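Peer 1: Got a structure for you, questions after.
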Amino acid sequence: MQNVIIFGAGPAGLAAGYELVKNGIQPTLFEKDEQVGGISKTIQYHGNYFDLGGHRFFTKLNDVNQLWQEVLGDKFLKRPRQSRIYYKNKFFNYPLTAMNALMGVGFVDTARILLSYANTKIFPNKEEITFEQWVSNRFGKRLFSIFFKTYTEKVWGIPCSEIQAEWAAQRIKGLSLYQAVVNALFKPKGNKITTLIDEFDYPEYGPGMMYNDMRQKIEERGGKVELHEKTAEVFHDGSRVTSVRIENENGESRRIEGSDFLSSIPITELVTIMSPSAPEAVLNAAKSLKYRSLITVDITVDQKQLFTDNWIYIHSPEVKLGRIQNFKNWSPSMVADPNKSTLGLEYFCNENDDFWNLGDSKIFELAADEVAKIKICKREKIEDFVVVRVPKAYPVYDMNYPKHIATIRKYLAGFANLQPIGRYGMFKYNNMDHSIQTGLYAARNILSGKQTFDVWNVNTDDEYHEEKKE
Ligand SMILES: Cc1cc2nc3c(=O)[nH]c(=O)nc-3n(C[C@H](O)[C@H](O)[C@H](O)COP(=O)(O)OP(=O)(O)OC[C@H]3O[C@@H](n4cnc5c(N)ncnc54)[C@H](O)[C@@H]3O)c2cc1C
């Protein structure tokens, strides 16, 4: 009898659990939080619903689309997308459109952008290893520094010259500046690209709705989802995992045996709780991997309409604020009182740095001053707030991470019945769909009894995530 244990009940763990129960295996999921959904959960506060960031449901993966429709179906809303960049008191389209960007920066900067672009064409960066090289080669150094550098460095907390280029290819539409201007002037012919940008699916009450429903479906079919239960130790015999120690919120432990184990907890944590412990080199590799964390300051504003975007990127360096979500524009049902608006103000930081450790009211004061400073809303209109800390929101793709991950992967591959899945479970900059796909693959490997699917093969292409070649 197969006894499958899953660490973590975010999208990856839940998708794996759901795939298993649908096929006759009842797994147990252990989740340390008080609710399921991981980074994709929805917080409820004073009748309002807050997403941690904004989670668009869009995918090129058929398996995942099918799963989302199966779970939520007609509870999905089709939402129009609008997002802009705020820079030097002006708004610019995002994704960037050539004419809007060039017109918006004014004559002098346009001339500088074009000169810098011409310079890059004559003397391009010979290698495209870093984010800075990749973007500068396509748009020129000047455009890079206006529209990419400040925001990217706010998110990652390290210079763009220390970030891997692979991330840029998936996240930034890679048209050259020249091509973008030509496209803007003359409509391109034979366009075989489907854009996933213009609209997206969103559950009426935020992404948490999807993951709460998935949990319910798992439990209806006999699976278990245990909350407030942390995976604290993983026991093995050198080639197989045999059992785990689970710790509840009161610090009480119990040991559970299993036949197969899926882990969506941070890979850096997994290797430190192996017993007997992992080799020194593996532990050092884990210590060298860095995550970036997120704090969202969710505010209620006594104003019916603030702006039409779903979200705005704040590139201006004079504020620490990185991005603003306007939840009403994601789904009107997220806001309890239709005469008010709610915003999610996103701050990127490191777990336990000075900002992280500021008290909630100090963080709120700073956030309220900043939104007033950039004229998003008046200070006195803010009626309520809640501060949410999201540790390990982003795996940092610095220049050394591939070698550290390779060391950890090699070690974990030595355990035949342990599969890492998900975003921080595999230290991959996954969207929900990639995280879910790894969960589905891992579950199918258990069901077939063979390693048919390589979970590490998910989210490895260099193609822009928001376009699909037909
Ligand atoms: C700001 C932001 C915006 C995003 N926007 C989008 C978007 O628009 N579209 C999109 O598709 N994706 C988006 N994502 C990505 C998405 O959030 C992730 O891909 C997804 O949540 C990852 O799922 P997961 O199950 O791998 O990990 P997680 O969601 O992190 O879940 C892991 C779970 O494991 C639990 N856990 C951790 N340690 C332990 C332990 N020791 N024992 C037991 N449980 C443990 C955690 O509490 C958590 O519930 C966004 C992410 C961020 C940070």
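The values are calculated or read from the model by the stated rules, or taken from the named source; none is laboratory data. Given the structure is predicted, the values throughout are model-derived calculations rather than measurements. Don't worry about glycine lacking a Cβ; one is built from the backbone with ideal geometry, like all the others, and counts go over all protein chains shown. Heavy atoms of the whole protein, side chains included, go into the accessibility calculation; ligands, DNA and RNA do not. Shrake-Rupley method; radii C 1.70, N 1.55, O 1.52, S 1.80 Å.
Peer 1: So how tilted is helix 11-22 from the main axis of the chain? Cα-based, degrees 0 to 90, rounded to 10.
Peer 2: The angle comes out at about 50 degrees.
Peer 1: Skipping prolines and chain starts, which residues have an amide H placed within reach, meaning under 5 Å, of the one on GLU351, given they are 5 or more residues away or on another chain?
Peer 2: SER293, LYS392
Peer 1: Which value in Å does the Kirkwood hydrodynamic radius of the chain take, with 1/r averaged over all unlike C-alpha pairs and then inverted?
Peer 2: Working: mean 1/r = 0.0424 Å⁻¹.
After inverting the mean inverse Cα-Cα distance, the result is 23.6 Å.
Peer 1: Kindly report the accessible area of the chain per residue (heavy atoms of protein chains, probe 1.4 Å, no ligands, DNA or RNA), in Å².
Peer 2: Values: 20570 Å² over 470 residues.
Heavy-atom accessible area per residue stands at 44 Å².
Peer 1: With a 1.4 Å probe and all protein chains kept in place, how do LEU440, LEU61 rank by accessible area, largest first? Mind showing how you got there, number by number?
Peer 2: Working: LEU440 5, LEU61 50 Å².
Order by accessible area, largest first: LEU61, LEU440.
Peer 1: Moving to a separate point now. Using 0.36 nm per residue, how much length does the chain from LYS121 to ASN284 gain when fully extended, once their Cα-Cα distance is taken away?
Peer 2: Values: separation 163, 0.36 × 163 = 58.68 nm, distance 4.15 nm.
Gain on extension, LYS121 to ASN284, equals 54.5 nm.
Peer 1: If you stretched the chain out fully between GLU257 and ARG245, how much longer would it get, using 0.36 nm times the residue separation minus the C-alpha to C-alpha distance? Working shown, then result.
Peer 2: Details: separation 12, 0.36 × 12 = 4.32 nm, distance 0.90 nm.
Additional length available on full extension: 3.4 nm.
Peer 1: Another question, if that's okay. Using Cα-Cα distances under 8 Å and only pairs 6 or more residues apart, what relative contact order does the range 392-456 have, in percent? Walk me through the numbers on the way to the answer.
Peer 2: On the way: 40 pairs, mean separation 16.2, N = 65.
Once normalised by length, the contact order is 25 percent.
Peer 1: Here's a follow-up. Tell me which lysines have Cα within less than 27 Å of LYS375's Cα, excluding those fewer than 8 residues away on the same chain?
Peer 2: In chain and number order, the partners are LYS88, LYS90, LYS149, LYS154, LYS304, LYS320, LYS328, LYS340, LYS362.
Peer 1: Which FRET efficiency value, to the nearest 0.05, is calculated for GLU318 and LEU61 with the Förster distance at 35 angstrom and r the Cβ-Cβ distance? Present the calculation step by step, with values, prior to reporting the outcome.
Peer 2: Values: r = 40 Å, r/R0 = 1.14.
Here the calculated transfer efficiency is 0.30.
Peer 1: Test of the criteria: in the range 108-179, which trypsin sites (Lys or Arg not before Pro) are in a DSSP loop and have at most 10 other Cβ atoms within 10 angstrom of their Cβ? Working shown, then result.
Peer 2: Details: sites: ARG112, LYS121, LYS126, ARG138, LYS141, ARG142, LYS149, LYS154, ARG171, LYS173; in loops: LYS126, LYS173.
Of the trypsin sites (Lys or Arg not before Pro), the ones in loops of the range 108-179 whose Cβ has at most 10 other Cβ atoms within 10 Å are LYS126.
Peer 1: Percent relative contact order of the range 307-414, based on C-alpha pairs within less than 8 angstrom and at least six residues apart? Could you put the intermediate results ahead of the total?
Peer 2: Details: 86 pairs, mean separation 17.8, N = 108.
Normalised by residue count, the contact order of the range 307-414 is 16 percent.
Peer 1: Taking K and R as +1 and D and E as -1, what net charge do the other residues with C-beta under 15 Å from the C-beta of LYS362 add up to?
Peer 2: Values: positive: LYS320, ARG389; negative: ASP353, ASP354, ASP360, GLU365, ASP369, GLU370.
After counting each charged neighbour, the total is -4.
Peer 1: Of the cross-linked pairs LYS290/LYS428; LYS78/LYS392; LYS75/LYS217, which ones have a Cα-Cα span greater than 18 Å in the structure shown?
Peer 2: From LYS290/LYS428; LYS78/LYS392; LYS75/LYS217, over 18 Å: LYS78/LYS392.
Peer 1: In nm, give the distance between the simple-model label positions of GLU233 and ALA111, each being 7 Å from the Cα along the Cα-to-Cβ direction.
Peer 2: 7.1
Peer 1: Let me ask another. Can you divide the C-alpha Rg of the range 222-378 by 2.2 N^0.38 Å and report the result to two decimal places?
Peer 2: On the way: Rg = 21.8 Å, N = 157, 2.2 N^0.38 = 15.0 Å.
So the range 222-378 has a normalised radius of gyration of 1.45.
Peer 1: Please give the calculated 222 nm ellipticity per residue for the chain, where each DSSP H segment of at least 4 residues contributes -39500 (n - 2.57) and the sum is spread over every residue; nearest 500 deg cm²/dmol?
Peer 2: Values: 17 runs with 159 residues, N = 470.
Computed mean residue ellipticity for the chain: -9500 deg cm²/dmol.
Peer 1: Measure out, as a whole number of angstrom, how far apart the alpha-carbon centroids of the range 1-80 and the range 268-337 sit.
Peer 2: Using only Cα atoms to place each centre, the spacing works out to 18 Å.
Peer 1: Could you please state how large a percent of the accessible area of the range 294-444 is carbon and sulfur, counting protein chains only and using a 1.4 Å probe?
Peer 2: On the way: 2680 of 5420 Å².
Carbon and sulfur atoms account for 49 percent of the accessible area of the range 294-444.
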